[in-house]
Every structure is written in structure tokens, then in C-alpha cells.
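The values are calculated or read from the model by the stated rules, or taken from the named source; none is laboratory data. In this text the structure is predicted, and so the values were computed from the model without any measurement. All Cβ positions, even for glycine, are placed from backbone atoms using ideal geometry, and neighbour counts span all protein chains on display.
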Amino acid sequence: MLFNSFDFAVFLAITWPIYRFVQRKRLPRLLWLLAISAFFYGCWKPWYLTLIAASTVVQYFVGARIHAAETDRARTRWLVGGIVSDVAMLSTFKYGNFILENVDGMLGLLGMGFQGEMPTLPTALPVGISFYTFQTLSYIIDIHRRRIEPRQSLLDFSVYVFFFPQLVAGPIVRAADFLPQLDRRPRLDWKTIGEGLFLILAGLTKKMVLADSLHHFVVEPFFDRPLRHNTFEVLFAIWSANFQVYCDFSGYTDVATGAALLFGFTLPLNFNRPFWSQTPMEHWRRWHISLGRWLFDYIYIPLGGSRRGAFRTDVNLMITFIVGGIWHGAGWTFIFWGIYNGLALVVWRRWGPQEATTTFGRVWRTFLTFNVICVGLIFLHAHSFVDAQAFILGLFDPFEPSTGIIGGWGAVALVAAAALHWTPQSWKRSLQSLFAGLPPFSLALVLLAAGGVLSMFSGLAAPFFYFQF
């Protein structure tokens, strides 16, 4: 079930009134949340539920055993077992075929390959597996670090893992932030409902109007047909790709946050105007914040962070971003995306532009950072290294004849997406407050009008970008 589908509107229209009726008592509230979340996830493929249920039960048990262990060695053994369990499941279903292909390639060099009879896993990538795996891992690691205590109730932990707004593509919610919200009766006043509906409409607008337009008119034609392009066309395409991913993923996050608000829950901020950043490091503090903090807390800091000298800091940054690249997908282009962004941070730290003291300097650093990030996106979009190489070479060929990709509705969507991103946050908050203050009848009319406008763009529908991860 997709957020940008009529089915999701029907889902909310049926499940929310019942939730409103049962939310006064804790047990019925949580049981209903778990039931509708399982139904929401099972709409893709019911058998996916067995994987997430298995991960939930195993990590609930592991968390309890870590807490009950009497020695640090026993605590660590349980933690390692829990990590191995989750990573094994993720590796099997997300990276299994990729691993088999590379093993076959290496054996082929020795004359020992499968010779066209390589076994494959007969399954598509389970939706959201990367996100809920990181959530359950953070739970057992935080218990091991004594930052939280395990939940006594399997129902509580199951709602945390299954909670439908953030289940498929995040944000990656920490147990310390979410579980305490289960203990409070949700605040479902008219203002909260209005704010939630506003975020849902804002997110769908970003996704269906801007992201899907950029995908349909620029990004897909460009990356699916790696013709010879000149410098200006490559720049136009990678700028469009950057804003497409931003509008797509931040749009998803807005819908998720809005849906969570309707049910009385607050999700963490996941985007903070990342294209204002003046360094690559600042960009990753503003982009997909929940993933960045996860990698920082559970990869970068345990490796030593920046505490062991400049060279070790560079190594730790590279490892962290390579893990981030692997998390994004099973393929060498994803790994190279991680290497590229890790190198960008290392190079910028050592030789990048110094802190700007003038307006021109700040604008230049922002522009340079934006383009460094854009070039990295080539490796997420390109279907192969050969295609990626062709696109990068095009950056240095201003005299190649135009293929006509610049212009049209794609250019309009790019300008609109950029304008939306750089609009002051105070404007958005004011509009949200105004929307939430509308009387019910006026709000219903606005929702109907917005639904009609959005339906006009349904023919451009593309999958949410981060569903593939």
C-alpha cells in the first residue's frame, strides 16, 4: 500500500475513526495499532510479515537476555548473537544474489564457476527491511550500552517495530524516542489533526507534483538512455535528480510524520533544508538525519570517531560511508557511492575551502557542496559503471550537441522544487497553523480540492525512491 494511492486514503478513513474510539485505553489502542500496521505491511506481500515478525520476536528476546545477563561477557555474547541474526537475515534477502554473483565471478577466474547454473534466491527485496533491521539493532545495542531498559511487553516492542507510518522507509526511530510515547494517552485534538493532515498534503504535493514530474520528464529519460550529453545537460539532470530524491524522500517523511500525528505520535526530524549546507559534512547532518545519526552512533563512534588523530578519523569516515553505501543497495555502484562521499568528506576536511566570511564566499561554498553531492548521485541512479562513466565524462564536454533534455515541464518542476526548498521555514509553519485552524467544513473542502489537483498528476506516479533500500 503506497502513501500516494487512493487505497491509503481509504485505509486512514477506516482505521483512524476506530483508533479514535479505542484510544482511551492502552491495550485496545496498542492492539489496534499493531493490527492495522501488520495489515498495511502485509498488503505488499503477506509473507513479508514472517520476516519482520521473526526479527521482532528474536530481538525482543535478545534484549531481555542482554539485560538479565550477570556478566559483561554474557551481555556481549547475546548482543553479538542478536547482531548476527539481524545481519544474516538482511544479507540473505537483500544481498544474497549480489554475493552469489560475485562469488561466481571470482570462481570463474579460477575455472570453477557455476557455468550459467548459479543458484539464485527466488524473491524480491522485502520492503523496508533495511529500516526495521536498523531499528531493532539500535534497540539491543542501546540495552547493551545501558541507555535503555528492555520492554517487558512484547506487544509494546511489536508496535515500535511495526508502526506503519515509518515502517517502510523511515525515519529510523530509536526505541528511547518512541517507546515512552506508548505510555501516554495520545493527544488527538483538532489542532494536532489539522497539522497532521497538512503534512500529509504537503508530502504528497512534493512527491506527486514535483518529484514524479522530475522523474518522468528528466531523470528517467536521462539515466535510462546514456547517450552523449554535454556539460549543461548533465548538470541539469543531476540537479534534477538531487531535487527529485529530496522531494520524494522528504515528501514521504512528511506523509509519515503527518500520519503519525493523526495517531498521536511524534517522529524525529529527518530533513533540515540540506541544500543550504556549506560543507559535505553539514549536508549529511541535514539529510536523512535519522540514518546519519544511526551511522554516527553505531559505526563512526565505536570505530574511534575523531579521537585518534587525523588519519584514523579519515579511515573511520570512509568505513562509515562505505557501510552507508552498502545499506543503500546490493551493487558495486552503491559501494562506490559510499566511497565517493567518504572521500569527499576526507578531501574537504583537509583541502576544502575555508570558512567563508563574505556573502559571496558562503554562496560559493553552498554551490560547490551542492554539486559535489549531485555528482555522487550519478552512482545511485546509473545502471552500471559504464553508464556512470559516460555521464561523468559528459560533465567535461560543453561542446557536445544538445539532445533537447533541458526545458519543458522538467525545468518548471526543478525551479519549483528549488523555490520550495529555499522558502523560509517560518512560512511553512505559518501555513500549517493557518490550515490547522480551519473549521471542519472548510478543511474538508480544502482536502477535496487538493485531492482533485493531486489526482491530475497520478499518471506520472513513480515508486518512492527509498523503497528500493
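Structure notes:
- Residue check, Ile238 more than 20 Å from Phe396 (Cα to Cα) and crowded, with 19+ Cβ neighbours inside 10 Å: no
- Matching option when the condition is over 29 Å from Gln278 (Cβ atoms) and either hydrophobic (A, V, I, L, M, F, W, C) or within 27 Å of the chain's Cα centre (by Cα) (or both), among Leu414, Leu420, Leu443: Leu443
- All positions within the stretch 277-296 that are touching a helix residue (DSSP H, G or I) at 6+ places or on another chain (Cβ under 8 Å) and not in a loop (DSSP other than H, G, I, E, B): Pro280, Met281, Glu282, His283, Trp284, Arg285, Arg286, Leu291, Gly292, Trp294, Leu295, Phe296
- Some residue of the stretch 405-426 being β-branched (Val, Ile, Thr), modelled with pLDDT under 85 and touching a Leu at 6+ places or on another chain (Cβ under 8 Å): no
- The stretch 369-426 - residue that is of a type in the set (Ser, Thr, Tyr) and without any contact (Cβ under 8 Å) to a residue 60 or more places away in the chain and, of those, nearest to Glu355 (Cα to Cα): Thr423
- Condition met for Val315 (within 27 Å of Ala388 (Cβ to Cβ) and assigned to a helix (DSSP H, G or I)): yes
Table: residues versus (1) in contact with a Phe, Trp or Tyr (Cβ under 6 Å, 6 or more places away or on another chain); (2) of a type in the set (D, E, K, R); (3) modelled with pLDDT of 65 or more; (4) surrounded by 13 or more Cβ atoms within 10 Å (Cβ to Cβ).
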position	(1), (2), (3), (4)
Val84	no, no, yes, no
Ala88	no, no, yes, no
Phe93	no, no, yes, yes
Asp104	yes, yes, yes, yes
Met112	no, no, no, no
Glu117	no, yes, no, no
Leu125	no, no, yes, yes
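- Residues satisfying the stated conditions in the stretch 240-276, i.e. hydroxyl-bearing (Ser, Thr, Tyr), farther than 15 Å from Gly194 by Cβ and part of a helix (DSSP H, G or I): Ser240, Tyr246, Ser250, Tyr252, Thr253
- When residues in the stretch 428-450 are screened for being surrounded by 14 or more Cβ atoms within 10 Å (Cβ to Cβ) and either of a type outside the set (A, V, I, L, M, F, W, C) or outside any helix (DSSP H, G or I) (or both), 3 of them pass.
- The residues of the stretch 26-67 that are within 21 Å of Phe134 (Cβ to Cβ), surrounded by 15 or more Cβ atoms within 10 Å (Cβ to Cβ) and β-branched (Val, Ile, Thr), listed by number, are Ile52, Thr56, Val58, Val62, Ile66.
- Leu393 being more than 30 Å from Pro126 (Cα to Cα) and among the hydrophobic types (A, V, I, L, M, F, W, C): yes
- Residue within the stretch 204-215 that is outside the structural domain of Ala256 (by TED's automatic domain parsing), over 15 Å from Leu414 (Cβ atoms), in contact with a Ser or Thr (Cβ under 8 Å, 6 or more places away or on another chain) and assigned to a helix (DSSP H, G or I) present: no
- Taken over the stretch 1-25, the criterion of being of a type outside the set (A, V, I, L, M, F, W, C) and in contact (Cβ under 8 Å) with a residue 24 or more places away in the chain is satisfied by Asn4, Asp7, Tyr19, Arg20, Gln23, Arg24.
- Residue that is nearest to His381 (Cα to Cα) [pool: residues in the stretch 451-465 that are part of a helix (DSSP H, G or I) and at pLDDT 75 or above]: Leu460
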